[in-house]
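Before anything else, here's the structure in question.
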Amino acid sequence: MNDALRALIEALERDGALDAPQRLRERIEALDRLDAWMPAAAGDALLQRAQTIRQRLEAIDAAQFGALRQAIRRGEGRDALLHWWRAGGAAACRPGDGYDWLDELVGGVLPFGEPGEVSALAPEMVFYQPTPARHVLDLLDRLALSGDDVLVDLGSGLGHVPLLTAICTQARGVGVEIEPVYVQGARACAQALQLENARFVQGDAREADFAIGSVFYLYTPFTGTILRNVLDALRGEAARRAFRVCGFGPCTAALAAESWLVGDGEPAPGRVAIFRSKG
Ligand SMILES: C[S@@+](CC[C@H](N)C(=O)[O-])C[C@H]1O[C@@H](n2cnc3c(N)ncnc32)[C@H](O)[C@@H]1O
């Protein structure tokens with residue numbers, strides 16, 4: 001392990017060009033590798049060298065994340081974020097729920113504030129886990145939202161989906177989340193980034209205002225009777241007007257089984273599935 005860490009340290013010390021802005025992805029991935037190996041590092045000298053590199057790379061990334069936040073406040077966040085998404089091979093959206101460097105980038109840019117203590121969830125409510133950033137950007141690209149759209153994330157956690165909707169599209173993003181600490185973090189982020197088209201409602205998704213959404217998003221936020229109640233409410237809404245419903249993770253199978261929904265476009269295994277209400 002120490003040999004691998006030493007080889008990595010030597011490579012990073014030699015690679016002065018790694019400090020260049022366009023090498024953001026490589027820096028994030030190098031930091032990940034350092035973090036994975038540092039706990040096993042024996043010997044003060046090796047650890048000290050690893051920490052020096054880490055501080056250097058983190059400082060460069062922090063400045064770049066700050067510049068991205070400024071771009072978002074100027075209303076230029078879409079191009080700034082999509083630049084990195086495209087640079088990372090946007091078209092080939094890797095399926096599955098694993099995280100990668102783009103999540104580190106988005107996590108570094110979005111200022112959620114200090115995390116507080118969260119409460120235990122009731123049965124059938126699924127713990128927080130954000131949708132990987134590449135899937136959110138891939139979804140927003142496929143949805144092609146207009147300024148008339150309202151995307152409602154049912155069980156929005158810290159709000160990545162509504163926040164990225166507000167940053168990257170003309171649409172409004174609304175998050176409905178039962179855990180007050182997450183809602184507080186999402187609101188703090190929207191305020192810090194001056195995102196007027198992102199809004200967060202604290203409450204149970206069963207009580208959500210289903211009349212406002214043109215697109216509903218669910219990353220398996222709940223199961224069983226709660227999911228049934230929410231799908232029934234959406235079906236009731238679909239009797240009045242058309243909208244889209246998007247699913248990621250295990251809840252996608254439940255959406256696919258709804259007779260009032262039809263798949264929109266090519267099936268995308270391991271990616272977010274998009275459905276249309278039949279009306
Ligand atoms: C898997 S996470 C998805 C987070 C977010 N949608 C995303 O993709 O980044 C599920 C979220 O649903 C929330 N949740 C669970 N049951 C809920 C309910 N009945 N009403 C509102 N939110 C709920 C959880 O607290 C958690 O934050």
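Tell me the Kirkwood radius of the chain: reciprocal of the mean inverse pair distance over distinct alpha-carbon atoms, in Å. Can you show the working numbers first?
Numbers: mean 1/r = 0.0497 Å⁻¹.
Result for the chain stands at 20.1 Å.
Residue-wise, which Karplus ³J(HN,Hα) couplings in Hz belong to the stretch 197-204, taking 6.51 cos²θ - 1.76 cosθ + 1.60, θ = phi - 60°, and x for glycine or proline?
9, 10, 9, 10, 10, 8, x, 7
Next question. When the helix-only estimate is applied to the chain (DSSP H runs of n ≥ 4, each -39,500 (n - 2.57), divided by the residue count), what is the mean residue ellipticity at 222 nm, nearest 500 deg cm²/dmol? Before the final figure, lay out the partial values.
On the way: 10 runs with 131 residues, N = 279.
Rounded to the nearest 500, the figure is -15000 deg cm²/dmol.
Expressed as a whole number of Å, what is the distance separating the alpha-carbon centroids of the stretch 55-76 and the stretch 150-202?
Between the Cα centres of the stretch 150-202 and the stretch 55-76 lies a distance of 20 Å.
Over the Cα atoms of the stretch 134-194, how large are the radius of gyration and the largest Cα-Cα distance (Dmax), in Å?
11.1, 31
For the stretch 192-239, compute Rg over Rh where Rg is the Cα radius of gyration and Rh is the Kirkwood radius from the inverse mean 1/r over Cα pairs. Write down the numbers at each step before the final one.
Details: Rg = 12.6 Å, Rh = 12.4 Å.
My calculation puts Rg/Rh at 1.02.
Once the mean 1/r over all distinct Cα pairs of the stretch 2-74 is inverted, what Kirkwood radius in angstroms do you read off? Walk me through the numbers before you get to the answer.
Working: mean 1/r = 0.0774 Å⁻¹.
Hydrodynamic radius (Kirkwood, Cα pairs) of the stretch 2-74 is 12.9 Å.
For the stretch 167-229, with all protein chains present and a 1.4 Å probe, just round the carbon and sulfur fraction of the accessible area to a whole percent. Walk me through the numbers on the way to the answer.
Details: 1300 of 2750 Å².
The nonpolar share, carbon plus sulfur, comes to 47 percent.
Projecting each Cα onto the charge dipole of the chain (Lys/Arg +1, Asp/Glu -1 at the beta carbon, about the Cα centre), which of Phe248, Val183, Leu8 comes out farthest on the positive side?
Going by the Cα projections, it comes out as Phe248.
Now, a different point. Of the heavy-atom accessible surface of the stretch 2-74 (probe 1.4 angstrom), what whole percent is carbon and sulfur? Walk me through the numbers on the way to the answer.
Working: 2040 of 3930 Å².
Carbon-and-sulfur percentage of accessible area, whole number: 52.
In square angstrom, what is the accessible area per residue of the stretch 2-74 with a 1.4 angstrom probe?
Values: 3930 Å² over 73 residues.
Here the residues of the stretch 2-74 average 54 Å² of exposed surface.
Suppose every K and R has +1 on its Cβ and every D and E has -1 on its Cβ; what is the size of the dipole of the stretch 101-277 about the Cα centre, in Debye to the nearest 20?
Details: 13 positive and 21 negative charges, 87 e Å.
With Lys and Arg at +1 and Asp and Glu at -1, about 420 debye.
How much accessible area per residue does the stretch 101-277 have, in Å², with a 1.4 Å probe? Present the calculation step by step, with values, prior to reporting the outcome.
Working: 7460 Å² over 177 residues.
Value returned for the stretch 101-277: 42 Å² of accessible area per residue.
Rg and Dmax in Å for the stretch 126-240, alpha carbons only: what are they?
Final numbers for Rg and Dmax: 13.2, 39 Å.
The values are calculated or read from the model by the stated rules, or taken from the named source; none is laboratory data. Since the structure is predicted, the reported quantities are computational estimates derived from the model, not experimental observations. Virtual Cβ from ideal backbone geometry, glycine too; neighbours counted across all protein chains shown. The area values use the complete protein model at the heavy-atom level, side chains included, leaving out ligands, DNA and RNA. Shrake-Rupley method; radii C 1.70, N 1.55, O 1.52, S 1.80 Å.
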